[in-house]
Structures are given as structure tokens and as C-alpha cells.
Amino acid sequence: MMRQAQVVRPHNLDEYVLNLLKSIYKTRNLSVEEVSQWLTSAPLNSYFRVNTLKITPLEVMTSINEQISNLKRLKNIEKKQHSVRVHKHLSDCIVISPMDKSLLDLSPKKEEVIVDIATGQSVLRGSHIFAPGIMAMAPEVQVDSFISVYADLAKGCKRGYQKYYDNPMKMFVGNGIAKMNRRQLFNGDMNPKGIAVEMTDPATGIPSFTLPNEYGMLQNLPSVVTGHALDVNENNLKVLDMCAAPGNKTTHIAILMNNKGSIDAVDKSKTKLNKVELRCKHFGIQNVKIHHFDSLAINLVKPGGILVYSTCTITLEENEHNVAWVLEKFPQMELIAINSEIGSPGIATQDGLNKDLCEFVRRFGPENAEEDSIGFFISKFQKRVQ
């Protein structure tokens, strides 16, 4: 199983990027405005992948609904328009829909907190803010203060910064209630833990909730589809994850195998492999062996074996063109269909895949209005038996 480093939707777009995307999506009859709007907004829904080794999707839904009900009581909201449901095609995936934004207070507050990019992304997807994600907090912020939260897209804020952070690349992600003050975050203990800000009004409208680590994790929808694309089970399978860190898909595959069989998780970053180990520990995974090295070899796939290649990008060069290159360079590899009704076919081009082969891959982008998600691409190969 191969994949590339995750990318996020950019905060703003220059003319070159827009023209590039226009050329990619011209065959889908999408306007520049539609593509730009998709790229500069967060996905409509949030998705929680359940660790079915520890808990059932129904139990997770019950816990999330209880927390959302508590939030509504806090905000005196009586309408029951939010939706928490099991995905119709993925039994281990919970879909959390946004609340009506007219019910939220998204006006900027005088007191601000700055968080790193990863924390900002988590907030937009339904997470409260934990202490390690906070980069800066003004001295006047007290416990229970109502504050605005900004993500530092410029990566220019130093941890512990005390003054007002004036940077055009800070992005508003919502309002919340401070549960820690500056002294608790930055004085003495350099590894503070726990919830530092309870998000009451996230910019996306996705209600915030917390669950024990062992219950599962927030994960982008196409990443969940990727795990299912392997069609694994518990019948003595052997899986090689060739770019395993931080372990999100590795643990998903292990769970789909019911903690049986064997998974070799490989990554060239020793530091990142620590995250794989921690994720496996949280989820109670026992069928994963972790290895530190760089793996580039289709030769590692046995005859009749399956290779899934996925990327978190929408460019043709990294997706359809790469698949076409593999088919030309390695004739022993055959592109096979992914058994999924989610996503759309690939984009046919002269330098990439033809229309028939595009039906075998799954692409996620602005054309997927119903399953709005980050940009993503999934392909699946089988090594021919000689």
C-alpha cells in the first residue's frame, strides 16, 4: 500500500494555480469559481472512523449525540437539525453534519488564541483544542473567557508568544471557551495535557466532541475508502504498508483484518514511526510489525498480490499520469477496479489514462458534491501470475 504526504486546501489561490486547476477540471464542466470555492473551504461533513475492535458505531454515535445535546443546551439551541449517522457505504465510518451557522456566534472576540495548522484543521473537523496545539495566548485570557481561535498558516508564531499576533495569514477557525490560562500552558510544565479550549462555535459548524483514543479517530473520507479498497479480511493475509506513518491507514487495515494476519509497516522517518507505534497501542493493535527503511519496489508485491496507490492531491501528474507510467514501466502490473460507489472516475488525457481505465480509479475533488472531501486519488493494481 503506497501513498504520498497529505496536503491541505490552500487559504488563497494565485492565478497560476487557478489556471492549472481549470485545465484539470475542464472535462467535468466545472467553472473556475466552483473549483476555487471548493479549494478554499473546509469539507462540508466530518468523518469519524470507528475502532470496531473496541466499540460499535452505534455506541460512538450515542456518545457524540449526547455531547452535541449538551452543547445545544449550553447555547440554548432547541432545533434538532444536525445529523450524526453511519455512512451508507462504510459501516465503520460515522458522518457528522454541520449545525445551522445562523445559530452560531462567529463574531471575532477581543481575546485571541493562536494554534498550529494541524490543530486548526482538527477544529474545523469537530475537535476541541488540546494544550499542545496552542502556540500563543494573551496574558489577559482567563479560564472561562470567551475567545476567538486562529490557525497560524504562516507558521511564524513562536510558542508562548505574549503579544497580539498580527499576521494576514492567520485564519479564523471559530470561537470557544478557555479552559486553561497562560500560566498553565507555558509556565513550568513543557508538556501540558488536556483540553485547553472547548469549541462552541467552529467556523464550519461541525459540532466539537471528544472520545477516548481507543474508540477511533477523525479521518478524511477518502482515507477510509482507501483502507476498504484493499478488500482485506482475517484469513491469514500479509500486508505491506510502504509509507505507514502516522499509522492512520495502517491501523484501519489491522482492524479490518480483525487484528489477525500480519502487517509490516514501513516508513523512512524514524520519528514518524513513533506515531505509528503509539496509534497501534491506543487501538489495541497486535498484528503490526514496524520497520524503519525506505521501500521502493514493485518487486515486493508477490504474484497475484494487490497494491493500492493513493495520494492526497488532485494533480494529474501525481495521479492518472503516475498510474499510466506504472502500467507502461511494469507490464506485470494490471490496473483493477476499486469496489466503491464513493468518489468519481479519473480524468482521461492523452498523456495519462484512457476513458476505460479511468473507470477503475477513484478521484475526489470539487465534482463530488454529495461526498465533499479533501482532494484525493486511489488506484489499485494486481501483479499478474506468470
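The values are calculated or read from the model by the stated rules, or taken from the named source; none is laboratory data. Please read all numbers here as calculations on a predicted model, not as lab measurements. FYI the Cβ positions are ideal-geometry reconstructions off the backbone, even for glycines, and counts take in every protein chain you see. Note: accessible area is taken over every heavy atom of the protein model, side chains too, but ligands, DNA and RNA are not part of it. Shrake-Rupley method; radii C 1.70, N 1.55, O 1.52, S 1.80 Å.
What to note about this one:
- Number of positions in segment 92-132 that are hydroxyl-bearing (Ser, Thr, Tyr), over 18 Å from Thr210 (Cβ atoms) and within 18 Å of the chain's Cα centre (by Cα): 1
- Selection within segment 129-153 - in a loop (DSSP other than H, G, I, E, B), in contact (Cβ under 8 Å) with a residue 40 or more places away in the chain, open to solvent by 40 Å² or more (accessible area, probe 1.4 Å) and closer than 20 Å to Lys193 by Cα: Pro139
- Ile342 vs. criteria open to solvent by less than 20 Å² (accessible area, probe 1.4 Å), under 30 Å from Tyr25 (Cβ atoms) and either in contact with a strand residue (DSSP E or B) (Cβ under 8 Å, 6 or more places away or on another chain) or of a type outside the set (Phe, Trp, Tyr) (or both): yes
- Some residue of segment 328-335 being closer than 23 Å to His228 by Cβ, in contact with a strand residue (DSSP E or B) (Cβ under 9 Å, 6 or more places away or on another chain) and of a type in the set (Asp, Glu): yes
- Selection from segment 25-52 of residues that are of a type outside the set (Ser, Thr, Tyr), assigned to a loop (DSSP other than H, G, I, E, B) and over 23 Å from Asn248 (Cβ atoms): Asn29, Leu30
- Residue within segment 264-278 that is of a type outside the set (Asp, Glu) and touching a residue at least 40 places away in the same chain (Cβ under 8 Å) present: no
- Candidate set: segment 280-331, residues that are among the polar types (S, T, N, Q) and either touching a Gly at 6+ places or on another chain (Cβ under 9 Å) or over 23 Å from Gly247 (Cβ atoms) (or both); chosen: the one surrounded by the most Cβ atoms within 10 Å (Cβ to Cβ): Asn319
- Taking segment 170-192 as the range and being out of contact with any His (no Cβ under 9 Å at 6 or more places or on another chain), surrounded by fewer than 18 Cβ atoms within 10 Å (Cβ to Cβ) and not aliphatic (A, V, I, L, M) as the test, the residues that pass are Phe172, Arg183, Gln184, Asn187, Gly188, Asp189, Asn191, Pro192.
- Number of the condition not met by Ile55 [criteria: (1) assigned to a loop (DSSP other than H, G, I, E, B); (2) open to solvent by less than 80 Å² (accessible area, probe 1.4 Å); (3) closer than 24 Å to Gly174 by Cα]: (3)
- Scanning segment 372-386 for residues that are open to solvent by less than 30 Å² (accessible area, probe 1.4 Å), part of a loop (DSSP other than H, G, I, E, B) and either at positive phi or not hydroxyl-bearing (Ser, Thr, Tyr) (or both) gives Asp372, Ile374, Gly375.
- Strands (runs of 3 or more DSSP E) fully within segment 254-343 counting 1 or more residues that are on the phi < 0 side of the Ramachandran plot and of a type in the set (Ser, Thr, Tyr): 262-267, 306-311
- Check on Val60, within 29 Å of Cys243 (Cβ to Cβ), aliphatic (A, V, I, L, M), at pLDDT 85 or above and open to solvent by less than 40 Å² (accessible area, probe 1.4 Å): yes
- Residue match in segment 65-76 (condition: over 17 Å from Thr200 (Cα atoms), outside any strand (DSSP E or B) and either in contact (Cβ under 8 Å) with a residue 24 or more places away in the chain or of a type in the set (A, V, I, L, M, F, W, C) (or both)): no
- Segment 193-235: number of residues that are open to solvent by 30 Å² or more (accessible area, probe 1.4 Å) and of a type in the set (Phe, Trp, Tyr): 1
- In segment 154-226, counting only strands (runs of 3 or more DSSP E) that sit wholly within it, the ones holding 3 or more residues that are under 16 Å from Ala118 (Cα atoms) and not polar (S, T, N, Q) span 170-178, 195-202.
- Per the listing Leu335, Leu357, the residue uniquely open to solvent by less than 90 Å² (accessible area, probe 1.4 Å), closer than 25 Å to Leu221 by Cα and in contact (Cβ under 8 Å) with a residue 40 or more places away in the chain is Leu335.
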